[in-house]
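The values are calculated or read from the model by the stated rules, or taken from the named source; none is laboratory data. Since the structure is predicted, the reported quantities are computational estimates derived from the model, not experimental observations. Here the Cβ positions follow ideal geometry from the backbone for every residue, glycine too, while neighbour counts run over all protein chains shown. For the accessible areas, the whole protein counts, side chains as well, though only heavy atoms, and no ligand, DNA or RNA atoms are used. Shrake-Rupley method; radii C 1.70, N 1.55, O 1.52, S 1.80 Å.
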Amino acid sequence: MNLKYSVGLDIASKKIDICISVINSNQSVKVVSSKSFLNTLNGFKDMESWIIKNHKEKDVQLVLCMEATGVYHENCALYFHERNYKISIILANKAKHYLISLGLKSKNDSIDAKGLSKMGAEQCLELWQPMGRFFYVLRQYTRQYENLQEQKTVFNNQLHALEHSMFKNKAMIKQQKDTLKLFDKQLKELEKLMNTLIDSDQVIKQRFANVCKIKGIGMLTAATILAETNGFELFKNYKQLVSYAGFDVVERESGMSKGKTKISKKGNSHIRRVLFMPAFTAVKHKEKPVVDLYNRTIEKHGIKMKSYVAVQKSCWF
């Protein structure tokens, strides 16, 4: 008796390798068929016809499992979600470790598709829900803002080096300053775009206002948190949010051996990055209970950075 059909998709920018497997009541996984399709709308249509053809027992559930590959998987995932398919999107490191556990020594697209198919058949994976259009656009703004800030820092450092070099080049210094002015202009434009977008939805605007009431949280921080979490829609509790941001604690202990305890960092780096400065600012201005937590943890281990991480994790989640 078959229990589940699982479709594994290894997605690249131009093509998709796909494998469909089925697991029976004896927990034995059997490959039904494999094929490649174009990563285009017509390719998705052909893929759906192929899946329907190979999904022999219509009363047996079918799931689609794909690896998160930048943005290349998004159109495919949305296409099948809109047609009511059950979809699981797996983090790259999780898929990698699963394939290693199978003892596979080779790696190519068809092997990855087969591994994802087997993984989906054996495990009960969390189902994916697409991000709302509002938060998807907001995320584009906040991530572009982050990119521009990083580039501005690079150009500032280069300008500092040019101004203190042995032989000063006025033309190069002027060019660096002009570029920095352009960065400032673009950053201000992005801030206006974010504010306009937030003001366009009264429910989101109120949610945004509530987040900004937290000490140390400004417009950009709140926008980034809301954009990266889809407005907290997909989280049921505090622990899920902490894990998603990579603030969950990882222990290394076996027998008499005790390693360092640290946060996993296996999560959304944009959230961790944007929360550092609010934590630093709140501690600097002695905001309670933030400064109490900071002082309590610094007395325990004496490491400032760990105390700032504790503030980020506990006071804003």
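Distance between the C-alpha centers of the range 1-23 and the range 29-50? Whole Å please.
Using only Cα atoms to place each centre, the spacing works out to 8 Å.
With Rg/Rh (Cα atoms, Kirkwood Rh) as the read-out, I listed (i) 1.05; (ii) 0.96; (iii) 1.01; which label goes with the value calculated from this structure?
(i)
Relative contact order of the range 42-139, please, whole-number percent, based on alpha carbon pairs below 8 angstrom and at least 6 residues apart.
Relative contact order comes out at 30 percent.
Just how far, in whole angstrom, is the range 152-206 from the range 287-309 if you go by their alpha carbon centroids?
33 Å
What percent do you get for the relative contact order of the chain when only Cα pairs under 8 Å and 6+ apart count?
On the way: 403 pairs, mean separation 40.0, N = 317.
Averaging sequence separation for qualifying contacts and normalising by length gives 13 percent for the chain.
Please express the shape of the range 1-95 as an equivalent ellipsoid: the semi-axes are the square roots of 5 times the eigenvalues of the C-alpha gyration tensor, given largest first in whole angstrom. Don't jump to the answer; show the numbers that get you there.
Details: eigenvalues 95, 45, 28 Å².
Whole-Å semi-axes of the equivalent ellipsoid: 22, 15, 12.
Accessible area of the range 174-285 with a 1.4 Å probe: how many percent of it is carbon plus sulfur?
54 percent
By how many nm would the segment from residue 60 to residue 24 lengthen if fully extended, with 0.36 nm per residue of separation less the alpha-carbon distance?
Numbers: separation 36, 0.36 × 36 = 12.96 nm, distance 1.06 nm.
So the extension gain works out to 11.9 nm.
Arrange the peptides 53-64, 154-165, 217-228 so that the one whose residues have, on average, the most other Cβ atoms within 10 Å appears first.
Values: 53-64: 14.2, 154-165: 12.3, 217-228: 20.8.
Averaged packing, sorted descending, gives the order 217-228, 53-64, 154-165.
Can you give the extra length, in nm with one decimal, that the chain gains between residue 189 and residue 304 once fully stretched, where that is 0.36 nm per residue apart less the Cα-Cα distance?
Numbers: separation 115, 0.36 × 115 = 41.40 nm, distance 3.54 nm.
Once the chain is fully extended between residue 189 and residue 304, it gains 37.9 nm.
Within 10 Å, count the other beta carbons around each residue, average over each peptide in 130-140, 12-22, and list them highest first. Working shown, then result.
Numbers: 130-140: 16.1, 12-22: 19.6.
The packing order, highest mean first, is 12-22, 130-140.
For the range 1-44, what is the relative contact order in percent, using Cα pairs closer than 8 Å and at least 6 residues apart in sequence? Could the numbers behind the result be given before it?
Numbers: 80 pairs, mean separation 15.5, N = 44.
Averaging sequence separation for qualifying contacts and normalising by length gives 35 percent for the range 1-44.
Using helices alone, I'd like the mean residue ellipticity at 222 nm for the chain: each DSSP H run of four-plus residues gives -39500 (n - 2.57), total over residue count, nearest 500.
Working: 12 runs with 175 residues, N = 317.
So the helix-based figure for the chain works out to -18000 deg cm²/dmol.
Just round it to a whole percent: the fraction of Cα-Cα distances in the range 131-174 exceeding 13 Å. Before the final figure, lay out the partial values.
On the way: 605 of 946 pairs.
When every Cα pair of the range 131-174 is considered, 64 percent fall beyond 13 Å.
Against the empirical 2.2 N^0.38 Å scaling, what ratio does the C-alpha Rg of the range 114-234 come to?
Normalised Cα radius of gyration, the range 114-234: 1.52.
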